[in-house]
Each structure stands twice: as C-alpha cells, then as structure tokens.
Amino acid sequence: MSSGHYVGFADGAYRSTQNLSSAAWVLYDPNGELINLQGIFLGRTTNNIVEYITVIELLLEAVALGIRDLVVKLHSQLVVLQLNNHYSVQNSQILHMYLRVRLLERNFDYITYQHIPHNLNTLIDALANFVLDRHFHHL
C-alpha cells in the first residue's frame, strides 16, 4: 500500500427494511500502518446520503490528524464519479453534502477519490455492518 500518500477507506451499511444505516472508515499511513478505525450509527437515512456522510467523516478525521495528502477509496462508484466531476449532483440534500466535501478538501494539498470493488473494502464493510447490527439489536 506504500504510495507516499495516506489512504482512507470508507463505507456505509444500510438496511432498507428498517431504513437504518451506519458509516465506517479507516486511515492508513503511507507505510500501510493502520492509524485510525471508526464507525458510527447514523439512524434513518438513505444509502446515497450514507455514502457521503462516510466521506465527510473520513475527511474530518484526516484533518483532525493533520493529514494533508490523501487517497480516498470507496466502493460507491456514483460518489467517486461525482467527486471526480464526471457526474453532476442533482439531489439538493446530496448537493449540500457534496459542497461540504469540497470545503473540507481545502485542508489537503492532495486528495483523490478511487473506486474499488466491494471485495477490496471488506474490513470497512464488516465494521459498518457490525455497528449497524449492534445498534439494531439494541432498539
């Protein structure tokens, strides 16, 4: 994973039957060492909003840790294409979060977004689902 950049993975979990969701993210240093792993329960929201919240939370954490150089890896191809300016954002709620991401990007000297297959995001997927399942069973 040594690219000279910090690498962040983000993912959300969503249960459509309960309309409940969670977000999880992880940060690795340029040597591939795990430096941060977090997950949060989000409650009732949609899957597209979940994906943007995970990016926002990841960027907030990276900024708090003083990271200025970041590669963000996501399995949400739509979010990657929107953040890389290939697709426009039509939904007003998503647009608000998209603009928040753009403001957070000002804290970085370098940032890029890459799409990865779901099977390469298994740690974050498992954490997001663990957080969601844990809260779901406490409801």
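Structural remarks
- Within the range 100-135, the set of residues being surrounded by 15 or more Cβ atoms within 10 Å (Cβ to Cβ), aromatic (Phe, Trp, Tyr) and more than 14 Å from the chain's Cα centre (by Cα) comprises PHE108 only.
- Those helices (runs of 4 or more DSSP H) of the range 1-106 in which at least 1 residues are at negative phi and of a type in the set (Phe, Trp, Tyr), considering only elements entirely within it, cover 47-64, 92-105.
- Failed item, numbered, when ALA62 is tested on (1) closer than 19 Å to LEU83 by Cα; (2) out of contact with any Leu (no Cβ under 7 Å at 6 or more places or on another chain): (2)
- Residue match in the range 57-65 (condition: surrounded by 14 or more Cβ atoms within 10 Å (Cβ to Cβ), modelled with pLDDT of 85 or more and among the acidic types (Asp, Glu)): yes
- Of all residues making up the range 66-99, the number that are exposed (fewer than 14 other Cβ atoms within 10 Å of the Cβ), of a type in the set (S, T, N, Q) and closer than 16 Å to THR46 by Cβ: 4
- Count - residues of the range 1-53 that are of a type in the set (S, T, N, Q), more than 19 Å from GLU105 (Cβ to Cβ) and surrounded by fewer than 17 Cβ atoms within 10 Å (Cβ to Cβ): 9
- None of LEU65, LEU60, LEU37, LEU78 is out of contact with any helix residue (DSSP H, G or I) (no Cβ under 8 Å at 6 or more places or on another chain) and in contact (Cβ under 8 Å) with a residue 12 or more places away in the chain except LEU65.
- Within the range 101-123, the set of residues being at pLDDT 95 or above, out of contact with any helix residue (DSSP H, G or I) (no Cβ under 6 Å at 6 or more places or on another chain) and not acidic (Asp, Glu) comprises ARG102, LEU103, ARG106, PHE108, TYR110, THR112, GLN114.
The values are calculated or read from the model by the stated rules, or taken from the named source; none is laboratory data. Just so it is clear, the model here is predicted, and its values are computed rather than measured. Note that each Cβ is placed from the backbone with ideal geometry, even for glycine, and that neighbours are counted across all protein chains shown.
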